[in-house]
Every structure is written in C-alpha cells, then in structure tokens.
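A.B. asks: Structure provided below as structure tokens; questions to follow.
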Amino acid sequence: MRIFTYCEHHPDRTLAVTDDGSSILYREMLETGEMIRERAGHRLIFILCRNTPGTLLGYLGSLHAGAVPLLLDAEISPVLLEDLIRLYHPAFIVVPGTEREKAEAVSEKAGFPPVSAGEIRDSVLLRTDPDGGPELAPELTLLLTTSGSTGSQKLVRLTGENLDANAESIAQYLRIDENERPVTMLPMNYSYGMSVINSHLLKGAPIMLTDHAIMERGFWERVIRDGVTSLVGVPYTYEIFRRLDLINMDLPALRTLTQAGGKLPTALHEAFASWALRTGRRFYVMYGQTEAAPRMGYLPAERALEKRGSMGIAIPGGKLMLMDEAGKEITKPDIVGELVYEGPNVAMGYAVKPEDLALGDEWHGRLVTGDMAKKDEEGFFYITGRKKRFLKIMGKRLNLDEAERILGKEFPDTAFACVGNDRILCVYAEKEENVKEEEEPLADRWISYLEETTGISGRSVRVHFVKRIPRSDSGKIQYAKLVIE
Amino acid sequence: MTNLEKYDREFIKMFGVKKEELPTLKYRGIKKWDSMGHMDLMSALEERFDISISTLDVLDFTDYEKGKTILAKYGVEI
C-alpha cells in the first residue's frame, strides 16, 4: 500500500509520540506487522480500538502484514462483540489490556476459549479461531462498521486502493506534509479518525497519540507541549471548543481545523471560520461516509465564511453529482437531487455475513449517498436532507426504522415510532391508559436498551407517551405528524 | 436545600447514579460522564449556583470531590 511507502523508506523516523513523551518508530510498526503475519492462522483480525500505542501498532501492523482488520470500539457491548465473533471467526482479537477480561469472557462464550499469543505494547493478541476463518476476497483490506446495532451489523468492505486514494486526496487538499503534528481526538474505529492516521502516515507526519479526552487538562498540555498543528472534530467537538474558549487559547503552532460528521450549526461555523481567516489559520468543513473511506467533499478554507452552510466540492480525484428521481443528472443550480459520488475511494460493498467477505467489487467506484442536496452556480453543494430515515447523532449513524425494529422485538407489548434530527432521537410509545408512575421506569429501560444495542448515547434520546401513534388509513405511521422535541 | 444537597442532585439527575456512588464518581469513570456529559454538568452547575466556571477549572473538574474545591473558588461552599 502506498500509505506505507514513506515509513518503509524511513524506519527510524517517528510514527507517534505517546503521553509519556516517548516516540514510537516506524520500525516497531513494521515489526508488529511481521509478528502478526507469523502468528495469525488466517487473515481476519478484530481490533478493539483505544487511542493507545497497542491499537495504532495493531491497526497499521495488520494492514502492513496483509491481514484484514475489523476495527471496533474498545467499549463495544459484550453482546455485539459476541455476535461478531460467532459470525466471523477472527483469527485474533487485538485488545487493550483494560478490556482484556471482557474480550476473554466474550470469546469463551462465543465458543472460542482465547489463548494469549503475544503483546503489542498495552494490548494483547488473543488467539480465537486460527483455523476456521471465512474466505476473503484478495483485495479486501479493511472492515469498518456503519451503524452499531446488534444483529444487523453492516460492515463496509474497503480495499487498499480505497485507503491509499483517499489518504492521497486528503493530504493534497489539506496540504499535509511531514511537518504536521496531528493529535488523536477521534476513535480509530471511526472512519474520520482512521483517515487522520492514514493521511499523515502517507506523508511521514508524526501522530501525537493521546488517550486523554478533550475535556482533560492533559489533552491541552500535549497540544501545547508537542506543538500540535491541527485539530479535528464532529459538531459537538466544536461546541466543546467554544466552551473551552479555544479561540482565545495561546496555540501558535495550530494551523488547521477540520470538521466532519454532520452539519455544524451556522453560528459555530461562522465563529470558527472568521477566527481562522483573521488569524491566518485554515478551517475546513468536510463531507464523507465510511463507504468512501470516508472523504468525498470539502469546503476550501479560503471560501469557508462566504460559502457557509455548504459542504463544499468534490475532493481531488473524485466527482460529486446530483440525480433526479429518474436517475438523470441534474445540471442546473438550486435543484434538489440525490447526491452521488464517484471516485477510487468508494468501497467494494457491504458485508452482513461471512460469505460476503469473499465478494469482489459491487459498487464500481460509485456511491449513492442517500443525502439530498443542491448546488449553487459555482458548483458548491449544500445538503438539504436525507432520502432515508436515518440520523447522525454525535457522529454515530442510526437508522430510525432499525431503532423501531430493535425496540419492537425486545418490548413486543408496545408500539413504537421513532423520529429525530441530528441532535435527538424521539421515541413515541403507544400507551392506552394514563398511568404516569409506570412511565419513567419503562422509558429508562428502553433508553438503556437502545444504548446497549445501537451505541447511541441515552442523553440524546427522548421518550414520549401517546395514546395513538398517528397512522394513515393503510396503517402507515405518519412521521410528519410526530414532533421532534 | 443546602449547597451539598443541590450539588449532589445535579450529579444524580445528570448521570442517573445513586447517592452512594457519588464519592468515587469521576470524569470518564462512567459512560454518561463523557465529554458531552461534562459540558452539560458544567452548564447545570453554573446555572444552579449562578456562577461562570473558567476554562481551566472546567478541565480540572475531574471528579466529584475535586468539584467541591473548585466551586469553593467561586464562593460556593459545599
């Protein structure tokens, strides 16, 4: 893979700097790759991700070794992890020491008593099923999850070319070179977090690896001490930036801010775009989906203020277009159509079962995004809504029909209807009688169940009890009549 | 209601914890007290005690006990 060209030529340069101030050299990652190659029985590996040396080395080492990692959140629910192990039979699980007991117990329960097969810094390699792996397509390189709901896990099948092409496009428009110093702010199992790693690895820029959260003093001490040059975030990260008064912090090395994972409220966009213009910094709003590894569009920093509200233009090497309902391309400005992307970074397709991992390219470089958009005379795109009923809350995608199905299956006595926006999910529940004291414990149970199965934060869920969920004569739920509050 | 009662109530309401859990409660120690939860907690305490917590104090507010000494700086004795 081309993202490894720099490090193969410079094994003694720095891959990452850790919280204790020590450096991890590219050499160690190459060696980790060797170890994985020798010890893995087959190519499929699960990596439970935290922003630690073990995860970074495990992820990149696997890719370099030609293994196929599925990246998962280290805080994944045991139920979901068990489902995935049963289904896909990974050769190894790379797990941070802090989550080791959970992973061992789950693997045992899934029928694979784990055996420790080595260590990668803070993480351990747990051998699960070295013999019985699924057949993998030769070009399959990486698996990422889309929504995290139990029982319907949809994996995105990415190739090495997808990752290389996207890292190159990102490095080009963000003007990344080896002098950059990014800091880990997003999980590596989230495609945006992964792309930050890949695009900087490509250019030989060392990564400031921190397990500190953005609301900890330790995080900002590293930003200052290590001269961090760029910060990244989803919309709520920018709310935190505002709360912490980032604009008035003394951060002379900071040059670039990027934002993705949903639309930033206009006031925040304006505040950061004008600050960046005023102080000679660059602020980029970006657009992507995991299915495109993930980047598809960006708003050039010099137009950030003037074109606020726009998600920008296609990344270098890609093409964005709008399609009408008949599938014809819309060329005139200000007409809403479905956003379609074409480029070398579009994944091969999804996998919902092990047999799918043997499949070749199904999408042929074309991704129908499900987002509705329009463009202006200059060709800048503006997202106007979504074709299907799904939300993106704090970077996590949630299908509303799926949420209803999950609740309905677990709590068959209640009828549910889900609506929402990118801040909250509203669950409407049908309840005949007016028994107020029953409501709170019921709502709490539903919320915790949604948290467990979909990974959505309970804070973003509101439950409303209604006598009747509005339905049409044919029995279809009339979602437009349900208020989002 | 005493200041301590008010203080406890914000945590209990925000994170759905029991009173007994409060003394050991810390940022990132439970799922609900994440970055977003921390923002919400700061806003709730600011509103409750009519104060404005500085950036450094937001960052230093790492656990339930530490929070008491931070609020004391703003004249809120707990």
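The values are calculated or read from the model by the stated rules, or taken from the named source; none is laboratory data. What you see is a predicted model; the values in this text were computed from it and never measured. Cβ atoms come from the backbone with ideal geometry, glycine included; neighbour counts cover every protein chain shown. Side chains included, ligands, DNA and RNA excluded: accessible areas come from the protein's heavy atoms. Shrake-Rupley method; radii C 1.70, N 1.55, O 1.52, S 1.80 Å.
A.B. asks: Search segment A:208-219 for residues that are facing chain B (nearest Cβ under 8 Å) and pair each with any residue that is among the basic types (K, R) and open to solvent by 10 Å² or more (accessible area, probe 1.4 Å) when their beta-carbon atoms are under 9 Å apart and the residues are at least 6 apart or on different chains.
C.D. replies: A:A213/B:R28; A:M215/A:R243; A:M215/B:R28; A:E216/B:R28
A.B. asks: Evaluate the following for B:K13: is it part of a helix (DSSP H, G or I), touching a strand residue (DSSP E or B) at 6+ places or on another chain (Cβ under 9 Å) and farther than 20 Å from A:M185 by Cα?
C.D. replies: No: the conditions fail for B:K13.
A.B. asks: Search segment A:423-444 for residues being within 14 Å of another protein chain (Cβ to nearest Cβ) and touching a residue at least 12 places away in the same chain (Cβ under 8 Å), and hand back the single one that is nearest to the chain's Cα centre (by Cα).
C.D. replies: A:R423
A.B. asks: Residue by residue through segment A:34-67, note down the ones that are assigned to a helix (DSSP H, G or I), within 18 Å of A:P134 (Cα to Cα) and in contact with a Leu (Cβ under 9 Å, 6 or more places away or on another chain).
C.D. replies: Residues satisfying the conditions are A:I36, A:R39, A:S62, A:L63.
A.B. asks: I want to confirm something. Restricting to segment A:220-234 and keeping residues that are out of contact with any strand residue (DSSP E or B) (no Cβ under 7 Å at 6 or more places or on another chain) and more than 15 Å from A:A16 (Cα to Cα), which single residue is nearest to the other protein chains (Cβ to nearest Cβ)?
C.D. replies: This residue is A:W220.
A.B. asks: Next question, about the same structure. Provide a single number: the residues in segment A:1-37 that are closer than 30 Å to A:E216 by Cα, touching a Cys at 6+ places or on another chain (Cβ under 8 Å) and not basic (K, R).
C.D. replies: Matching residues across segment A:1-37 total 3.
A.B. asks: Right, something else. If you check B:I70, B:I30, B:I53, which single one turns out to be open to solvent by less than 30 Å² (accessible area, probe 1.4 Å), part of a loop (DSSP other than H, G, I, E, B) and within 14 Å of chain A (Cβ to nearest Cβ)?
C.D. replies: None of the other options fit; the residue is B:I53.
A.B. asks: So, one more: Output the residues belonging to segment A:395-413 that are open to solvent by less than 60 Å² (accessible area, probe 1.4 Å) and out of contact with any strand residue (DSSP E or B) (no Cβ under 7 Å at 6 or more places or on another chain).
C.D. replies: A:G395, A:E402, A:I406, A:F411, listed by residue number.
A.B. asks: Identify, by number, the condition in (1) open to solvent by 20 Å² or more (accessible area, probe 1.4 Å); (2) free of Cβ contacts under 8 Å to residues at least 12 places away in the same chain; (3) in contact with a strand residue (DSSP E or B) (Cβ under 8 Å, 6 or more places away or on another chain) that A:A326 doesn't meet.
C.D. replies: The single condition A:A326 does not satisfy is (3).
A.B. asks: Still on this structure, please answer the following. From the list A:T141, A:T146, A:T128, which residue is β-branched (V, I, T), outside the structural domain of A:P300 (by TED's automatic domain parsing) and modelled with pLDDT of 95 or more?
C.D. replies: A:T141
A.B. asks: Another one. With respect to B:T62, determine if the residue is touching a strand residue (DSSP E or B) at 6+ places or on another chain (Cβ under 7 Å), among the β-branched types (V, I, T) and facing another protein chain (nearest Cβ under 9 Å).
C.D. replies: Spelling it out, B:T62 is indeed touching a strand residue (DSSP E or B) at 6+ places or on another chain (Cβ under 7 Å), among the β-branched types (V, I, T) and facing another protein chain (nearest Cβ under 9 Å).
A.B. asks: Determine if segment A:375-386 includes at least one residue that is modelled with pLDDT under 95, of a type outside the set (K, R), open to solvent by less than 10 Å² (accessible area, probe 1.4 Å) and farther than 18 Å from A:L163 by Cβ.
C.D. replies: No, the conditions are met nowhere in segment A:375-386.
A.B. asks: Another question, then. Go through segment A:372-413 and count every residue that is in a strand (DSSP E or B), farther than 21 Å from A:E291 by Cβ and of a type in the set (A, V, I, L, M).
C.D. replies: Number of matching residues: 0.
A.B. asks: In segment A:249-276, which residues are open to solvent by 50 Å² or more (accessible area, probe 1.4 Å), modelled with pLDDT of 95 or more and assigned to a helix (DSSP H, G or I)?
C.D. replies: Answer for segment A:249-276, where residues must be open to solvent by 50 Å² or more (accessible area, probe 1.4 Å), modelled with pLDDT of 95 or more and assigned to a helix (DSSP H, G or I): just A:E270.
A.B. asks: Another one. Please go through (1) closer than 28 Å to A:V68 by Cβ; (2) assigned to a loop (DSSP other than H, G, I, E, B); (3) open to solvent by less than 30 Å² (accessible area, probe 1.4 Å) for A:T369 and return the number of the only condition it doesn't satisfy.
C.D. replies: Against the list (1) closer than 28 Å to A:V68 by Cβ; (2) assigned to a loop (DSSP other than H, G, I, E, B); (3) open to solvent by less than 30 Å² (accessible area, probe 1.4 Å), A:T369 comes up short only on (2).
A.B. asks: So, one more: Would you pick out the residues in segment A:203-223 that are outside any helix (DSSP H, G or I) and either under 15 Å from B:T55 (Cα atoms) or of a type outside the set (G, A, S) (or both)?
C.D. replies: Once the filter is applied, which keeps residues that are outside any helix (DSSP H, G or I) and either under 15 Å from B:T55 (Cα atoms) or of a type outside the set (G, A, S) (or both), segment A:203-223 yields A:P206, A:I207, A:M208, A:L209, A:T210, A:D211, A:H212, A:A213, A:I214, A:M215, A:E216.
A.B. asks: Let me confirm something: among B:G16, B:G37, which residue is closer than 17 Å to A:L244 by Cα and within 11 Å of chain A (Cβ to nearest Cβ)?
C.D. replies: Answer to the check: B:G37.
A.B. asks: OK, next. Just a yes or no: is a residue in segment A:339-358 open to solvent by 60 Å² or more (accessible area, probe 1.4 Å) and closer than 20 Å to A:G309 by Cβ?
C.D. replies: no
A.B. asks: Taking segment A:64-78 on its own, how many of its residues are closer than 15 Å to A:E101 by Cβ and touching a strand residue (DSSP E or B) at 6+ places or on another chain (Cβ under 9 Å)?
C.D. replies: Residues in segment A:64-78 being closer than 15 Å to A:E101 by Cβ and touching a strand residue (DSSP E or B) at 6+ places or on another chain (Cβ under 9 Å): 3 in total.
A.B. asks: Working only within segment B:40-50, note down all residues that are at the interface with chain A (Cβ under 9 Å from one of its Cβ atoms) and either touching a Pro at 6+ places or on another chain (Cβ under 9 Å) or open to solvent by 20 Å² or more (accessible area, probe 1.4 Å) (or both).
C.D. replies: Of everything in segment B:40-50, those that are at the interface with chain A (Cβ under 9 Å from one of its Cβ atoms) and either touching a Pro at 6+ places or on another chain (Cβ under 9 Å) or open to solvent by 20 Å² or more (accessible area, probe 1.4 Å) (or both) turn out to be B:D40, B:S43.
A.B. asks: Could you go through segment A:298-305 and let me know if any residue there is surrounded by fewer than 21 Cβ atoms within 10 Å (Cβ to Cβ), touching a helix residue (DSSP H, G or I) at 6+ places or on another chain (Cβ under 6 Å), free of Cβ contacts under 8 Å to residues at least 40 places away in the same chain and not assigned by TED's automatic domain parsing to the domain that holds A:I424.
C.D. replies: Yes: one or more hits.
A.B. asks: Another question, if that's okay. Find the residue count for segment A:306-323, including only residues that are free of Cβ contacts under 8 Å to residues at least 60 places away in the same chain and open to solvent by 10 Å² or more (accessible area, probe 1.4 Å).
C.D. replies: Residues that pass the stated criteria total 5.
A.B. asks: If you scan segment A:399-446, which residues turn out to be under 21 Å from A:K467 (Cβ atoms), among the β-branched types (V, I, T) and modelled with pLDDT of 85 or more?
C.D. replies: Hits for segment A:399-446 are A:T414, A:V419, A:V427.
A.B. asks: If I go through segment A:179-196 residue by residue, how many of them are touching a residue at least 40 places away in the same chain (Cβ under 8 Å) and either more than 18 Å from A:G395 (Cβ to Cβ) or among the β-branched types (V, I, T) (or both)?
C.D. replies: 5
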